[in-house]
Amino acid sequence: MKKLLLAIIVLITVPLTVQAEQSDIIVSAEWARPILIAGRPGSAYFHIENNAGVADRLTSVTSTISPRLEIHEHTMKDGVMKMGQVDFIDVPASGSVELKPGGYHIMIFESTKKYVPGDEIDLTLTFEKAGAIEKIVKVMTKQP
């Protein structure tokens, strides 16, 4: 009986240990701009905090609302603001990165329908070390 109880305790605590390791990356303050016409581009923003002692990297973002999401960055070049796709976002060890208007952000292309304030969009963020983190993002007209 004691062996059975010990086996159950071990089986229950193993998933909790894995979850604790994955929680080194915390994604918060997530929101997305409205997509007023299906198929038109939209954007999503959030805060990434890395509580691990090693750097990580956001490498991709996917969603059920669109076959094409890209990581983008606004940059100032020769006095002109430009936006372009980047392959990843580095998240420093014990540091954070803010995805916000005018900086890093997620572009949503070819959405399957329109999204208005109050709607929700699912995102799956894939990190090099932390793996996949699923988030539900509220659609809002401006940053909370």
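The values are calculated or read from the model by the stated rules, or taken from the named source; none is laboratory data. Computed from a prediction, not measured in an experiment: that's the story for all the values here. Cβ atoms come from the backbone with ideal geometry, glycine included; neighbour counts cover every protein chain shown.
The single condition from (1) farther than 16 Å from Ile136 by Cα; (2) touching an Asp or Glu at 6+ places or on another chain (Cβ under 8 Å) that Ala44 fails is (1). The listed residues are His105, His74, and the only one of them that is closer than 13 Å to Ser43 by Cα, in contact with a Leu (Cβ under 9 Å, 6 or more places away or on another chain) and not basic (Lys, Arg) turns out to be His105. Here Lys82 meets each of (1) in contact with a Ser or Thr (Cβ under 7 Å, 6 or more places away or on another chain); (2) at pLDDT below 95; (3) surrounded by 13 or more Cβ atoms within 10 Å (Cβ to Cβ) with one exception, condition (3). Cβ-Cβ contacts under 6 Å between residues 6 or more apart (or on different chains), taken from a first residue in region 121-144 that is in contact (Cβ under 8 Å) with a residue 60 or more places away in the chain and surrounded by 15 or more Cβ atoms within 10 Å (Cβ to Cβ) to a second residue that is basic (Lys, Arg) and assigned to a strand (DSSP E or B), are listed as Leu123/Lys135.
Taken together, Val139, Val91 contain a single residue that is closer than 15 Å to Pro34 by Cα and either among the hydrophobic types (A, V, I, L, M, F, W, C) or more than 12 Å from the chain's Cα centre (by Cα) (or both), which is Val139. I'm trying to understand the selection: among the residues of region 24-42, which are within 17 Å of Gly103 (Cα to Cα), among the small types (Gly, Ala, Ser) and surrounded by fewer than 19 Cβ atoms within 10 Å (Cβ to Cβ)? Result: Ser28, Ala29. Can you confirm whether region 39-53 contains a residue that is at pLDDT below 95, more than 19 Å from Phe127 (Cα to Cα) and small (Gly, Ala, Ser)? Looking for residues that are at pLDDT below 95, more than 19 Å from Phe127 (Cα to Cα) and small (Gly, Ala, Ser), one finds at least one in region 39-53, hence yes. Pull up region 64-102, narrow it to residues that are in a strand (DSSP E or B), in contact (Cβ under 8 Å) with a residue 40 or more places away in the chain and not hydrophobic (A, V, I, L, M, F, W, C), then point me to the one that is farthest from Asp122 (Cα to Cα). Out of the qualifying residues, it is Ser96.
All conditions but one from (1) within 15 Å of the chain's Cα centre (by Cα); (2) assigned to a loop (DSSP other than H, G, I, E, B); (3) among the β-branched types (Val, Ile, Thr) apply to Thr112; the one that does not is (1).
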